[in-house]
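See structure below.
Rule-based calculations on the coordinates, nothing more; no lab input. Nothing here was measured: the structure is a model prediction, and the numbers come from that model. Here the Cβ positions follow ideal geometry from the backbone for every residue, glycine too, while neighbour counts run over all protein chains shown.
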Amino acid sequence: MTSTTTADTAPAEPTEDAGSAGDRFDRDDLPTPPGATGALLRSLLRPMRARVALIALVLLVQQLSVQAGPLLVAYAIDSGVPAFRDAEYGPLIAVAVGYALCSAVAGGTQYAFVRVSSLVNQDALLDLRGRIFRHAQALSVDFHERYTSGRLISRSTTDVESLRELLSEGLQELIGVVLSFVSISLMLLWLDFGLGSLAVLSFVPLYLLVRRFQRRAGVLYAERSSAIAAVIVKFAETMNGIRPVQAFRREPVNDAHFEGLNNTHRWTNGSAMLEMGRYVVGSRLVANTAVAGIVLWGAYRVASGTLALGVLAAAVLYLRRLYDPIDRLGMFLNSYQSAAASLEKIAGLLAQTPSVPEPSDPRELPALTGEHPGREVVFDQVRFAYRTGGEVLPRFDLTVPAGQTVAVVGSTGAGKSTLAKLLARFYDPTDGRVLLDGTDLRDLAVPELRRGVVMVTQEAFLFSGTVAENIAIGSPDATRAEIEQAAKAIGAHDFISALPDGYDTDVRKRGGRISAGQRQLVGFARALLANPAVLILDEATSSLDIPGEQAVQRAMDTVLHGRTAVVIAHRLSTVEIADRVLVMEHGRIVEDGAPAELIAGTGRFAGLHRAWRESLT
Amino acid sequence: MPEEHAEPKDRSTVQSLLRLWPYVKPVRKRLFGAALVAIVASCVGLVIPLVLKWIVDGPVTDRDPGGVWLGALYLLLLGIAEAALFGVRRWMVARPLAGVEAAMRADLYRHLQRLPVAFHDRWASGQLLSRATTDLMLLRQFLAFPLTFLLVNGATILIGFVILLMQQWTLGLVLLTPVVPMVIICLVFETKFSAVARRAQDQVGDLTTVVEESVLGIRIIKGFGRHRSQALSFRSLSERLRTTELGKARLLAGIWSSITLIPELAIGAALVLGTVQVADGGLSAGTLVAFLSTALALRWPVESIGFLLAMSQESATATERFFEVMDVAEEEGASGVEGPVRGSDSAHGEMVFEGVEFRYPDAEPGSVPVLSRIDLRIRPGETMALVGATGSGKTTLTALVPRLHEATAGRITLDGTDITTMSRERLRELVSVAFEEPTLFSASVGENVLMGAEGAGDYELRRALAIAQADFAHGLPEGVGTQVGEQGLSLSGGQRQRLALARAVVGRPRFLVLDDPLSALDVHTEALVEAALRQVLAETTAIVVAHRPSTVMLADRVALLSEGRIAAVGTHQELLRSSPEYAWLMSGAEGAPDAPTEDAFPDLSAEDHLAEKGTR
């Protein structure tokens, strides 16, 4: 890709192999380092080792209490009945007390289990949600430009959700299944070694079934999650672009396309459910055959007098319990498969290292000494290239003295926005340094950096909350008076006052009603409130009308007077207030001088300015 | 436990779930058939203990090896039957239920596409998405498990108790005693749980909103170094959710433990009583074994009721959430007044606004309308620029033409025909729009542009790209076949805007609506686009929102929009002379009487301003 087609406000490098017909969801994956998924799960559960152990203990006690039931039945039949006939009530009272105790323990442990395990789940989820959130926030802007917002949102919502399912349901199933298999097998072996061995032997075909299910379901679940992801992307895209969808009558075409994606999901969904059905049938068949076999042998031995009737009764009761959790094992595998896929994606995201890291040993900016509240900006032999190779700035040197307002003009792809992003430290230079009063931006901690440099961009996003809260993003400690002052200075006070609840109007509820220009004004008010030493305006006036733009310029002249400012604009009207104009082309400065100087000359700027003047008359 | 207990008690829960019927109806035979199969399967499960009793009391007691073999064979056959019935049930519902989920999703999507833009303004897409995914998956699971098993377990419990009572009615009555306390506990639980469950769902929604916004607004957060405060607010929200979830768990723990404890106590009592009866000779050992075996087989159906009720509750909420959106009325089509209402012979190609008024559907009654008394006549082939201060209603006015918003009074005619009498398809075929926010879809560049015209081909595509100065498309990695949008190459704002413009002009529309179509272009490109656009505008009736003199120059006449009214109409030159507000908007010079910052700052003409700066 040549630099002329390189995008201006966003890197035009292919985010993935554009146009490949492969599965979209596969392309959604970031490379996950080997073992990262397991490490992530372990690191989430490690702080809760004690609680997980407690859960296992609680479940063990519960198993013991529940498994004691049939034993008490055997004891009641084999010892209680004869003793009772001899008018000896001790054994029967023991059975009564024992059963009551077991019930109480079973109920109590159930309560304890739900409480403790929910604590484990919720803390693990809190931890994971926080990690994803903080990590996504720490990742640099270039990452966000390549990794679309939809994917990031689905990482922290649907993928976390599938882990929640695994933790809240699956973990219990797994521990419960393992414990009940082990305890019932031991109990059966202890009751009668022969019958017990037969039951244990039945685990072999069951294991094979589980393996087969895991293998086949794994493939199906992967297909299903790709299918639903495609559905989600189509859905979100349609809803976010509803205006053009309706205006260009895309509804029938979209219906058909969506139907196709939806049907793919329907089919894989049905197949996954059928696979689960096959597993259930197989395991049930093995279990019931084993029960029949054990009963046959046991009854034979009772008939021949080598086995007590009570033991057979207990064994049969245990057998039914032994095979009960097999279906639940299937459910566990079910949630494990989807959680594993999700965790892998999350681990891939968390493995991304911020390309704009915070300094380990931050430095402070020197105290402001000059008469200006602005600071000097120096680009020292800066080179910038995208990681895929597109070089935007070949070698860039620029010194902006403190307090100077510099306008940068040039055609799309000239590197203007890259310049702004380097100065705002959204990117770090490939080579060279960007200095603020002699200090490398890379050595500044975030709060210090943002006292130094603030950038206002073309996209004026409003967060949920009131208008006042949105302005206060510039300075969270600001008073209402300061917020209103900032809005007045930028000419936004009038429209804000006219909103239903003034500054307290919820922008979400009226979000569609605040025009693009008004949003940009709110964005400016933020910047005024932030009161930085260096202000960068990247196409920040594109949706403003001329009076709005002039209000901005006046504010820069008054409220922000003496700040260093870098203004990137397509509009020459914006350039009027500049002390100096840079004309950029292919990442180089081709003209540099005071506006009047350049206008008087014969360069590109003079030509552009003439055309603009003509349009005014 | 008795049957009626197996049904969710809360009427509103049942009523919500009943709304699913239209979607369930096509698969009702399969679904009820499957439930029937499940009931038979669970009856088979209940018969197994009876066979055990028969073996113990018969062949074992009689020392009859042949009878033992026969009994084991019966057990095996019943076991195979049970497994087969399990399989049949799942096979019967798997594909139909996946179909129900898909049908509901397709319906939701189809419906949402046809809801007014005003609806989408109010609803975050994440909220809609969660309905289309998690809620519908929950409903499919509900139909597959809780619904079936409430039925099946209810029937199993009922049949089980009949068997128990038939075996030994005294012991059976002992097991029936916990029914009353359990019913009460379940009712109390359901009331409390539904409130907490809804709160948790709402809090998840809030959390999702913060995630969504912090991703979409990442440049602002980074630009102001606010990611720590953002992380703090995220943390407090997620901690709130954790508290709610733990409260939910407390309720669940309570009901699960009582559902475990109470029946277990009853079984213990039956065991003691049964032992006494066996000792007295009133009961055979085999009957007691079979009785207890049956009672234990009922344990799972009884215990499951707790979470089945919880799942039904959540499904009812999901159903509500689904229909909350489905109940919003779709836009009406044509008003039914057939046939064009001809204004005059010269109406062909004419766009007329007559007394148009607009207020948002959710605006408070009595509030000032966004637009009122808009009278505007755009002659055939004419281009009208729409100029007005920020927030004066320009974008809203343009949205009325393709009926993205509906005028609340007055009428708009194209070719002399009221647009409300046309079908939306027909209207939007006539009118082509380029939005301020240029949205590209996940498709190739070519497809994105050509969606503006039916049947347009390569020639039209090249022409449109040329007009919009979007020839860069040919230089993309795969030319006009390059994928763009969310799933493809990311383009700059200027590039997207040019493609959106190409899309608007590709079909040579009779009527064109351009909302500030050149805002993201640099001066050089803008000039080139304007030159090319002039040819297009010459043959179409157009309305162009403009902030800049350069864009206004595209138009034949200008309409000045001021506080929702048309304040003046005329050529650029006329208005520059006659309207102070217009002059102010176009150059920032010439004071408008009501310009807010007028008095605070001295007027500087552009030249003065520039000169002052230049000499600093």
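By counting other Cβ atoms within 10 Å of each Cβ, how are A:HIS257, B:HIS572, B:HIS524 ranked from fewest to most?
Lowest count first: A:HIS257, B:HIS524, B:HIS572.
What is the Cα centroid distance between segment A:473-492 and segment A:241-281, reported in whole angstrom?
The distance from the Cα centre of segment A:473-492 to that of segment A:241-281 comes to 48 Å.
Relative to the longest principal axis of the C-alpha atoms of chain A, give the angle of the C-alpha long axis of helix A:203-240, reported between 0 and 90° and rounded to the nearest 10°.
Between helix and principal axis, roughly 30 degrees.
What number, in percent, do you get for the relative contact order of chain A if the mean sequence gap of Cα pairs under 8 Å and at least 6 apart is divided by its residue count? Mind dumping the intermediate values first?
Details: 848 pairs, mean separation 98.6, N = 617.
The value is 16 percent.
Counting only C-alpha contacts under 8 Å and six or more residues apart, can you give the relative contact order of segment B:348-570 as a whole percent?
Values: 442 pairs, mean separation 68.8, N = 223.
Relative contact order of segment B:348-570: 31 percent.
In what order do A:THR306, A:THR541 fall by count of nearby beta-carbon atoms within 10 Å, going from fewest to most?
A:THR306, A:THR541
Using a 10 Å cut-off around each Cβ, can you sort A:LEU167, A:LEU64 from fewest to most neighbouring Cβ atoms?
A:LEU64, A:LEU167
When the Cα centres of segment A:71-128 and segment B:303-332 are compared, how far apart do they sit, in Å?
Rounded to whole Å, the Cα centres lie 38 Å apart.
When the helix-only estimate is applied to chain B (DSSP H runs of n ≥ 4, each -39,500 (n - 2.57), divided by the residue count), what is the mean residue ellipticity at 222 nm, nearest 500 deg cm²/dmol?
Result for chain B: -19500 deg cm²/dmol, rounded to the nearest 500.
Let me know the mean shielding of A:481-493 by other chains, meaning the per-residue number of their Cβ atoms within 10 Å of its Cβ.
On the way: counts 0, 0, 0, 0, 0, 0, 0, 3, 2, 1, 6, 2, 2.
Counting other chains' Cβ atoms within 10 Å and averaging over A:481-493 gives 1.
Per residue of B:505-517, what is the mean number of Cβ atoms on other protein chains within 10 angstrom of that residue's Cβ? List each step's numbers first, then the result.
Values: counts 0, 0, 1, 0, 0, 0, 0, 0, 1, 0, 2, 5, 0.
Per residue, the number of nearby Cβ atoms from other chains is 1 on average.
What is the angle, in °, between the Cα long axis of helix B:493-505 and the longest principal axis of the Cα atoms in chain B? Nearest 10 is fine, range 0 to 90.
The angle comes out at about 80 degrees.
Take the alpha carbon gyration tensor of segment B:348-570, find the square roots of its eigenvalues, order them as a ≥ b ≥ c, and report rounded if a/c is under 1.5; if not, report prolate when a/b exceeds b/c, else oblate.
prolate
Sort segment A:285-341 into rounded, prolate or oblate with this rule: let a ≥ b ≥ c be the square roots of the eigenvalues of the Cα gyration tensor; rounded if a/c is under 1.5, and if a/c is not under 1.5, prolate when a/b is larger than b/c, oblate otherwise.
prolate
Take the alpha carbon atoms of segment B:383-448, find their center, do the same for segment B:479-538, and report the distance between the two centers in whole angstrom.
Between the Cα centre of segment B:383-448 and that of segment B:479-538, the gap is 16 Å.
Can you tell me the orientation of helix A:251-303 relative to chain A, as the angle in degrees between its alpha-carbon axis and the longest Cα principal axis, to the nearest 10?
Orientation of helix A:251-303: about 20 degrees from the principal axis.
Within a 10 angstrom radius of each residue's Cβ in B:57-65, how many Cβ atoms of other chains show up on average? Whole number is fine.
Shielding by partners across B:57-65 averages 3.
Let a ≥ b ≥ c be the square roots of the eigenvalues of the Cα gyration tensor of segment A:358-413; is it rounded (a/c under 1.5), or, if not, prolate (a/b larger than b/c) or oblate?
oblate
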